[in-house]
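I have placed the structure first, in the form of structure tokens, so that the comments after it can refer back to it.
The values are calculated or read from the model by the stated rules, or taken from the named source; none is laboratory data. Please read these numbers as outputs of a predicted model, since none were measured by experiment. Cβ sites come from the backbone with ideal geometry, for glycine too, and all protein chains shown count toward neighbours. The accessibility values were calculated without ligands, DNA or RNA, using every heavy atom of the protein model including side chains. Shrake-Rupley method; radii C 1.70, N 1.55, O 1.52, S 1.80 Å.
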Amino acid sequence: MIKYLAQAGPTHPKHGGGGTSASVQFPIHPLLSFIVHYSIVIPIIFLVHDLFFIPKAASSVDLVQYEETIHRQTVISRFLFIYTVILFTTRCASSFNAGRLRQHAVMYELTWLCNSTLLMGSITFGVFDDGTATNWLFRRRPLIATACCIGVSIDQVLWYVDLVGYMVSGKFLVGVMKYLTWSQTLWIDRLTCTHHLWTMPLFIYASNNELGLDAFKLSVCIVTIKVCLSRWLTPHCIQAFKSKDDGGSGAAEAKSDPQIYRYLNVNLCHELWRDITFSFLQISQDKPPGWLYLWRLLWRWQLFNYLVFVGILSPLSRIG
């Protein structure tokens, strides 16, 4: 089972790749990867939180502010839960008639950290906890929600940069939003991408002055686990043509056809996002071994998140 779960490259039939439809397997591997990913991520993060991060003592909490925060988080958690269910179900439903590559890719793509943040936020802001929850998984843990928010912060700040740049000049200045123009991106993906713009302000509002250094520390753990699991479970891409044809004259055209090639690179686990072309950010041009690439990615990702946390998120969380 461990061997089967490990990603086996873009053309392997279990990912939906390969030359003939007859050899392609039902999307069992994507479904198992989705289940295994979240079955590992959620309990590990909850355990790390419960073992190493101590909530404020009751005597140090303003009860009026606490009740206001609980109410605020409960309302937001319900919204997040509904939005997450809509996002997950519509993206899965849209894959039925979108070709085999999309059918296999959708479950991998739902493990992106930006999507996980919605799910984790709904649970840990208390959608299932009315104050009497006895189930360990359903307890309110707002620190985890804010840690997930910090984990995606550098990406979502760059979404604002790309959005403003596109509105002013018609160009994506960084490239994190450019995938919305790809032929492989369905209309439902565009419709359900708005959370990249409102996740941070909504989570900051929900935190109500709880965005402290502990949230950043926990975010380091979250990002690391997510990236490593994605490297293990998901291929760099899915392609219906053989690897030996990659350098052929038709390779570029093939990669623009979503029925033949689908880019994944979930959680940047294989390379920097392909639309980000700044030379000083490139970390895989020398084709490093996996462990070295992950090291280069993770310390840079954490550094940029820390700069966003110190310069933007933490000051904003103290306003009001």
Cα-based Lys pair tally, the chain, threshold under 27 Å, eight or more apart or on separate chains: 24
Rounded percent of accessible protein surface that carbon and sulfur make up, the chain, 1.4 Å probe: 67
Where N is the number of residues in segment 41-175, Cα Rg divided by 2.2 N^0.38 Å: 1.28
Helix axis angle, 100-109 relative to the chain longest principal axis, alpha carbon, degrees: 30
Estimated inter-spin distance, ARG72 and GLN282, nm [label 7 Å along Cα→Cβ]: 4.5
Difference of contour (0.36 nm per residue) and Cα-Cα distance, ILE2 to TYR38: 11.4 nm
In degrees, nearest ten, helix 142-151 long axis to first principal axis of the chain (Cα): 40
Average accessible surface area per residue within the chain, 1.4 Å rolling probe, Å²: 48
Cα long-axis angle, helix 113-124 against the chain (0 to 90 degrees, to the nearest 10): 30
Extension reserve of the TRP182-PHE79 stretch, reckoned as 0.36 nm per residue once the Cα distance is removed: 34.2 nm
Paramagnetic reach from VAL310 (point 7 Å along Cα→Cβ, amide N under 15 Å) across segment 191-227: 213-214, 216-217
Protection proxy ranking, peptides 6-15, 104-113, average beta carbon neighbours within 10 Å, highest first: 104-113, 6-15
